[in-house]
1. Specify the residue that is modelled with the lowest pLDDT; the eligible residues are those in segment B:125-160 that are β-branched (Val, Ile, Thr), buried (at least 17 other Cβ atoms within 10 Å of the Cβ) and not in a loop (DSSP other than H, G, I, E, B).
2. Looking at B:GLY217, B:GLY258, can you tell me which residue is within 24 Å of B:ILE122 (Cβ to Cβ) and not in a loop (DSSP other than H, G, I, E, B)?
3. Counting residues that are more than 12 Å from chain B (Cβ to nearest Cβ), which helices (runs of 4 or more DSSP H) fully inside segment A:282-348 reach at least 2?
4. Looking at (1) within 14 Å of chain A (Cβ to nearest Cβ); (2) assigned to a helix (DSSP H, G or I); (3) at pLDDT 80 or above, which is the one condition that is false for B:PRO234?
5. Just to verify a result, which residue in segment A:50-107, among those that are in contact with a strand residue (DSSP E or B) (Cβ under 8 Å, 6 or more places away or on another chain) and either among the hydroxyl-bearing types (Ser, Thr, Tyr) or closer than 20 Å to A:VAL304 by Cβ (or both), is surrounded by the fewest Cβ atoms within 10 Å (Cβ to Cβ)?
6. Has segment B:238-257 got any residue that is farther than 17 Å from B:ASN46 by Cβ, touching a residue at least 12 places away in the same chain (Cβ under 8 Å) and away from chain A (no Cβ under 14 Å)?
7. Any residue in segment A:108-132 that's without any contact (Cβ under 8 Å) to a residue 60 or more places away in the chain: show its pairings with residues that are among the aromatic types (Phe, Trp, Tyr) at Cβ separation under 6 Å, as long as the two are six or more apart or on different chains.
8. Is it the case, given these coordinates, that B:ARG186 is within 26 Å of B:ILE260 (Cα to Cα) and free of Cβ contacts under 8 Å to residues at least 12 places away in the same chain?
Amino acid sequence: MAHARIRLFTPAEIVGFIILAVIVFAVLPLVMDSFRLNLFGKYLTYGFVAIGLVLCWGAGGILSLGQGVFFGLGGYCMAMFLKLEASTPEATSIQTTPGIPDFMDWNQVTALPWWWEPFNNFAFTLFAILAVPMAFAFIIGFAMFTRRVGGVYFAIITQAIAAILTILIIGQQGYTGGVNGITDLRTLLGWDIRPDEAKTTLYFINGVLLFGCLLIAHLIRRSKLGRLLIAIRDQEDRVRFSGYDVANFKIFVFCVGAGMAAVGGAMFTLQVGFMSPTLIGIVPSIEMVIFCAVGGRLSILGAVYGAVLVNWAKTAFSETFPELWLFAMGALFIGVVLAFPYGLAGLYDDHVKPRLLWLAQLWPRRRGSPDTNALAGPTEQVGGGYALASKGGSRDAST
Amino acid sequence: MFDGFTMGELGAIFAMQGFAGLILFSVFVLMALGLAIIFGQMGVINMAHGEFLILGAYVTYLCAQFFEAFLPNLYGIYFFVAMALAFCVAGAFGMLVEWGLIRHLYRRPLDTLLATWGLSLILQQTYRSVFGAREVGVTIPEWMLGSLQLTDLIEVPINGIFVMTLTTVIAGLVAFMMFRSGWGRRVRAVVQDRTMAGAVGINTEMTDRMTFGIGCGIAGVAGSAFTMIGSTGPTAGQLYIVDTFLVVVFGGAGSLFGTIASAFTISQAQSVLEFFLSGSMAKVLTLLTVVGILMLRPQGLFTLKIRK
């Protein structure tokens, strides 16, 4: 591997990206009506979190059970801006104190708290959506990774942080909207986000941002940094003895994961029209891990499929058999761990890829073309090359 | 904060909040003991621990129903039967789970965490389907009702005293089993060095299964005690799981004494703060402090030196 020139994209990966792009930008908008498309837009926002988790957990071996925190922080930053825009003195003239968000008025808060003030500014809000969660992730990561806390301890502590944030938001009703969250959001810079056309536009913006994140994640994994992360996951001490500062890499990837989750949260707020603590607590946070696990913890494209499929199944089940959903979810958790730890991408690698390979071998013989390389491409699809690179350590160590 | 209270009243407040804290402490200890055995000794994260607790609570509930219907004369002692039954049912189910699920995942702690979370979801829905979504409660036997008047201002409920006594007895029993019984010796040997323990003839697989079963059994007893101070719902277990894990980690995994000490600190802090702040802020402050301390001292309060 060391002497071979590493290509940025293998042909198979390009095919994988294109297939996903066609699904997101062409198939779904053409097939779905506006309501369903908005739902899928919502599912895709969880794709951001899942991509971040592939980087942290699949590549870095850091299992965060608190990704909901970053999703929520990003979402709340966006929601605060939208809420302030919706709470003009004219629109809230019936309140005791006009010009502040309605839930503050209900809770006898008479002035806008100082930390709400900057969210009047859109540029600051955009900055905060990324900066607040990433700074928070940096603090957590710095405190934990420099002291070499990892594995289950890290998971438990991030879960506790998710619990703390939820309790805090629910408890401080006057400043955060409490358990209802921040609702009744109307316009973004004067542009009404509620009609169908606006939701379709937001869906496409969401899709573009998602591909931005996919690209960043892909580049990280293709870089030397990405290979170091895998090395850290498999043999942390050896990497440390080779002279690398392991903590810095872990902090970096944790912050990147947090940033991606935050973008997803902000897009969630825009598309769904509210943000509430029920979306960011312990249970949603651990569900985010299952999105990633179902898609395949090593595959960024798989993570997006996983997030969409699990959420779609959740909606479908909850509509028809609400009782069965928790059983199905529980079985999914157990199954994905016991039966197929590499998720959909793993199933693809094990079952679909050999068939494609076989087809690819047939094809040139019939055509008589010597160019087998390009056609054998699908062998490395959906993170295949990635799994191969890490096969020696990871599969043995974790199966 | 202290305005408008006389010294005597303040003392009484502290004493009563302290006692409320002791009840919380008992619940924490009962839950955390089982978890400390499973997590501390085996390194397995059991996210379904809360559901084992609820299993014990439902067994107690069924037992109470049975006594009410068929043996009303003996209702005063139903609780002791229920407790033994809860231990056996939860323990047996725990061993089954160990055999079917956990033993395949010993080398993958993070995956165990996810799998047991799945198990907890399934159990929750099972409880909801069988017992209904509403919380159920048992009728407390007469001798446990009422409260003890210590001074003019201080009174303590009897069921609280009972739960605390129970906790002390169970903690004592666990300590005895860990440090004086053959099983305890085997468990400690396996924790210290699994390979060597196997080499000298200890059946490590069976030890693991027993350990997991006993840990779950203690959770069942905790659930039994839980019915004395609150009602039982399908999702009640999940409310406590994060707190309990923090208790175990804060105390230092592997140290039973540390678990008890940290349960005491956390419950007392939370309970006393609760009187002066709102309940949610008290919890936030306590948990934040714990997480903060864990970030500075990740190994917890008390540590056990073991060979990895």
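1. B:VAL156
2. B:GLY217
3. Correct list: A:282-295, A:300-320, A:343-347.
4. Looking at each condition in turn, B:PRO234 falls short on (2).
5. A:TYR76
6. Yes, because at least one residue in segment B:238-257 is farther than 17 Å from B:ASN46 by Cβ, touching a residue at least 12 places away in the same chain (Cβ under 8 Å) and away from chain A (no Cβ under 14 Å).
7. A:PRO118/A:PHE124; A:PHE119/A:PHE81; A:THR125/A:PHE81; A:THR125/A:PHE119
8. no
The values are calculated or read from the model by the stated rules, or taken from the named source; none is laboratory data. Small disclaimer: the values here were computed from a predicted structure and weren't measured. Ideal geometry is used to build each Cβ from the backbone, glycine not excepted, and the neighbour counts take in all protein chains shown.
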